[in-house]
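**Q** Dropping a structure here in structure tokens format, bear with me for questions.
Only the coordinates and a few stated rules stand behind these numbers; no lab work does. The shown structure was predicted, so the numbers you read here are calculated from the model rather than taken from an experiment. Using ideal geometry, Cβ is built from the backbone for each residue, glycine included, and neighbour counts are taken over all protein chains shown.
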Amino acid sequence: MWGKSVPRDPRIIVAGGIYHVFARGNNKQNIFVDTVDRSIYLHALTASFKLLKVRLLAYVLMSNHVHLVLQITEPNMDEAMYRLHSLYAHRFNRRHGRIGHTFNNRYKSRIIVDDAYLLEATCYVHLNPVDARLVAHPRDYPWSSYRQYVEPPRRNQLIDPNPVLSLLTNDHIRSREVYEQFVMTEMHRQGRQRQSVARRS
């Protein structure tokens, strides 16, 4: 009805929950102009999540949106995302001489309810640059957590892939190979689907 706002559905936020979080730039505008912006975002993410004890499982930074897979220890996801995006927006606007909103008003989230969904969510996140045809292989995109899944672990790395990798096998080395095979299978499946659609059009 005119003149009345539509109430938002309440989020289901539970301690220990794992979520796929998505946030887009205001009016679908870019939220990252260059590599410096992306580095600033990851720095803000690290600081915010460390303070609020949020565990980051996967991420990808695209030009006008971000995907995160995260686990909260307390029901504070709204606080964590507000802190992260307020901090980043302030720095982004100051750096580029902008005013106004950087992000769309409300981030979106879906609770991940089982192991299969968790695998699918991280795969979806890591294949975003391939789906956007920015790269041919997820390894080639530097602004995602994919390499931290398939390469040997580094000191102080941003994400924790173990909750996902442990779903595949208890062998820590083998689990990285299995995960890469899983993502490659999905990538080729999606590629065949796109080719099939193109031939029919």
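**Q** Since P163 meets every condition but one in (1) free of Cβ contacts under 8 Å to residues at least 40 places away in the same chain; (2) within 26 Å of L52 (Cβ to Cβ); (3) outside any loop (DSSP other than H, G, I, E, B), which condition does it not meet?
**A** Tallying (1) free of Cβ contacts under 8 Å to residues at least 40 places away in the same chain; (2) within 26 Å of L52 (Cβ to Cβ); (3) outside any loop (DSSP other than H, G, I, E, B), P163 fails exactly one: (1).
**Q** From the residues in region 111-120 that are of a type in the set (D, E) and outside any loop (DSSP other than H, G, I, E, B), which one is nearest to Y88 (Cα to Cα)?
**A** Ranking the qualifying residues of region 111-120, first place goes to E120.
**Q** Then there's this: Out of F32, F92, which single residue is more than 18 Å from the chain's Cα centre (by Cα), over 18 Å from D160 (Cα atoms) and among the aromatic types (F, W, Y)?
**A** F92 is the lone residue from the list that is more than 18 Å from the chain's Cα centre (by Cα), over 18 Å from D160 (Cα atoms) and among the aromatic types (F, W, Y).
**Q** Then there's this: Where residues in region 125-150 are assigned to a loop (DSSP other than H, G, I, E, B) and touching a helix residue (DSSP H, G or I) at 6+ places or on another chain (Cβ under 6 Å), which of them is farthest from S109 (Cα to Cα)?
**A** Here the residue is V135.
Conditions (1) in contact with an Asp or Glu (Cβ under 9 Å, 6 or more places away or on another chain); (2) not polar (S, T, N, Q), marked per residue:
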position	(1), (2)
R110	no, yes
D115	no, yes
L119	no, yes
R133	no, yes
I159	no, yes
N170	no, no
V178	yes, yes
F182	no, yes
R189	no, yes
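**Q** A follow-up question, please. Of the residues that sit in region 102-123 and are under 23 Å from N27 (Cα atoms) and of a type in the set (F, W, Y), which one is surrounded by the most Cβ atoms within 10 Å (Cβ to Cβ)?
**A** Going through the qualifying residues, I end up with F103.
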